[in-house]
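Data first, discussion second: the structure below is written as structure tokens.
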Amino acid sequence: MKAAIVIAKNTFRELIRDRILYLILVFAVLLVFLSVVLGQLSYAEQMRITLDLGLAGVELSVLILSIFIGGTLVFRELEKRTVLTLLTRPLTRGQFLFGKFLGLFSIIFTGLICLGLVLLLVLCGIGWKYQYQFPLILLGFLYQGAVLISITMVFGNIVRPVLSIALTIGVFLIGRSMDSLLYFAEKSQSVVFEKFAWTVQYLFPNFERFNWKGFAGQESFLSIGDLFLSSFYFLIWITILQSAANLLFRRKEFV
Amino acid sequence: MNVLQVQSLNKSFSTGFRTSVQVLNNVSFEVKEGVVTGFLGANGAGKTTTLKCIFDLIRPTSGEVLFFGNQAFDLNVRKKIGFLPERPYFYEYLTGFEFLKFYGDLIDEMTKSELVSRIMEVLEKVDLIEAKDRALRDYSKGMLQRIGIAQTILGRPKLIVLDEPMAGLDPDGRAKLSQLIREVASEGTSVFFSSHLLHDVESLCKELVILKKGQIVYTGSLDSFLSRMDSGFEVVTENDGRRAVQEIKTQAELQEVLKTIVDKRQTLIEVKRLRPNLEEAFVRISFGEEE
């Protein structure tokens, strides 16, 4: 585990020193401020609009960070051949891959805290009252980010980064439409459609399970049981995806 | 004891549906403890593929690689080995010190303070102490090769393997690197390195492994390799102020010539063994004159 942490620390440092990270974070901060402006322009529900747009901006930046940086995370090591020296050190391929995941996960976690604080300060600045749902909504973003990084790591072992990113976006869109798909399958009379929807829900992660933005500004939130269930669902997908990525990476030849 | 033993290594790459190309064919050799061994072969002979098979970066089709007697390439063995690949790229955003700290943390054999003092010691050895706080992106090619060597020797390994360490270096850089390899070897570390620069190999190595089209064509000492290619003797004499040079093929012929010189009371100036240098010998073996 120590070797994975060493790799994670270096990945964190690599990304912190990368300009792309700051561009994405600046973009997210601009979105947060834009949400205030757009909120002010609306007739009613100004706070609601600011809150929704602000959270959407934070979520979007987490998605971009996870998919785009995740998509090139291991590829960069392969392309620049740093992996050749690293994998001859006392380090297993699994530890290397898990370290890369942990490094980017830490970046997303840090970015999320920073953006969350910026949004919170902006919201409080315009008179919003803090709600306990706020950090839990951010936790949902973190879950989404971690699952997306893992998906890019699986695809990154099979195809080149551009395709890996495209495939991950596809999986994300499927995952985000899962509840609608299941709803329509239930309402439809088609057995084939039902079977298809049933299969899809086991093949792809349901990202709606981590999408708790709808609770922003509400009095209620998920029950503790549902929150644990979603967390368990998250852990299962992380385990499956990390194992798959590990399996593929262990078979890889560095020609 | 052999620090590295490669046994019957075969490697084929698939080139299409049901077609493959065999890159390594029954490659076997050994690297002895405390010795600098050169690994030679023309471009495409399979040197880098062999090294990648040794380090499990490529899976051989068949064959076995053993370290330090009888050990597989496990995590404990990795602590005793350093590897510098061909044209290495290092994390350019790290400083020299941070880079070595990163690799030192992976070896995990020293306490924090021990690691820091070892890093300083190694930086001193590779003459990069002044540049320790500069980012690697600002290092010259020679400096990068030296920090690469520093990375390999950081954990006091028993074996270091270098793939084309001299490639792309200017004469000064090559001289510095050669000196560094000599110093490392003098401390008892076994060195196995591939190079195209045969003059450097000749000056550094005691043992040779030569690969040709994926097959070993020679393993053994540099001296016996060169002596295999002896092409006779040159005898220089002087008679009445005039110099004469004769080329002689065999030892028996030489005895005869020497006897004649003595009998005729000629002045013997020099008897020289006609031995090719490594470059000439390698060219001969590469073009199939000797096998």
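The values are calculated or read from the model by the stated rules, or taken from the named source; none is laboratory data. Nothing here was measured: the structure is a model prediction, and the numbers come from that model. All Cβ positions, glycine included, derive from the backbone under ideal geometry; neighbour counts span all protein chains shown. Ligands, DNA and RNA are excluded from the accessible area calculation, which covers all protein heavy atoms including side chains. Shrake-Rupley method; radii C 1.70, N 1.55, O 1.52, S 1.80 Å.
Within segment A:16-42, residues that are open to solvent by 40 Å² or more (accessible area, probe 1.4 Å) have Cβ atoms under 7 Å from residues that are not in a helix (DSSP H, G or I) in these pairs: A:R17/B:Y93, counting only partners at least 6 apart in sequence or on another chain.
Just to be sure, is B:F83 at pLDDT 90 or above, over 21 Å from B:A167 (Cα atoms) and within 11 Å of another protein chain (Cβ to nearest Cβ)? Judged against the criteria, B:F83 is not a match. Of the residues screened, A:L123 is one that is surrounded by 19 or more Cβ atoms within 10 Å (Cβ to Cβ), part of a helix (DSSP H, G or I) and of a type in the set (A, V, I, L, M, F, W, C). Condition check for A:E208 on (1) among the acidic types (D, E); (2) within 20 Å of A:Q144 (Cβ to Cβ); (3) loosely packed, with under 12 Cβ neighbours inside 10 Å: one failure, at (3).
Tell me, yes or no, whether segment B:266-289 has at least one residue that is in a strand (DSSP E or B), in contact with a helix residue (DSSP H, G or I) (Cβ under 6 Å, 6 or more places away or on another chain) and among the β-branched types (V, I, T).
Step one: list which residues in segment B:266-289 are in a strand (DSSP E or B), which gives B:267-273.
Now narrow it down to the ones that are in contact with a helix residue (DSSP H, G or I) (Cβ under 6 Å, 6 or more places away or on another chain): B:268.
Going one step further and asking which of them are among the β-branched types (V, I, T), we end up with none.
Checking segment B:266-289: not a single residue is in a strand (DSSP E or B), in contact with a helix residue (DSSP H, G or I) (Cβ under 6 Å, 6 or more places away or on another chain) and among the β-branched types (V, I, T).
When B:Y89 is tested against (1) surrounded by fewer than 16 Cβ atoms within 10 Å (Cβ to Cβ); (2) of a type outside the set (D, E); (3) without any contact (Cβ under 8 Å) to a residue 24 or more places away in the chain; (4) within 14 Å of another protein chain (Cβ to nearest Cβ), just one condition goes unmet, and that condition is (1).
Yes or no: B:Q151 within 12 Å of chain A (Cβ to nearest Cβ), part of a helix (DSSP H, G or I) and touching a Pro at 6+ places or on another chain (Cβ under 9 Å)? So B:Q151 fits the description; yes. Checked against (1) surrounded by 18 or more Cβ atoms within 10 Å (Cβ to Cβ); (2) within 12 Å of chain A (Cβ to nearest Cβ), B:F73 meets all criteria but (1).
Residues of segment B:121-139 that are open to solvent by less than 60 Å² (accessible area, probe 1.4 Å) and free of Cβ contacts under 8 Å to residues at least 40 places away in the same chain: B:V122, B:L123, B:L128, B:I129, B:A131, B:K132. Anything in segment B:102-116 that is more than 19 Å from A:T92 (Cα to Cα) and either open to solvent by 30 Å² or more (accessible area, probe 1.4 Å) or in contact (Cβ under 8 Å) with a residue 40 or more places away in the chain (or both)? List them, or say none. Across segment B:102-116, the qualifying residues are B:M110, B:T111, B:K112, B:S113, B:E114, B:V116. Candidates are the residues of segment B:39-65 that are open to solvent by 20 Å² or more (accessible area, probe 1.4 Å) and in a strand (DSSP E or B); the one that is nearest to the other protein chains (Cβ to nearest Cβ) is B:V65. If you check B:G188, B:G168, B:G96 for being away from chain A (no Cβ under 14 Å) and open to solvent by 60 Å² or more (accessible area, probe 1.4 Å), only one passes: B:G168.
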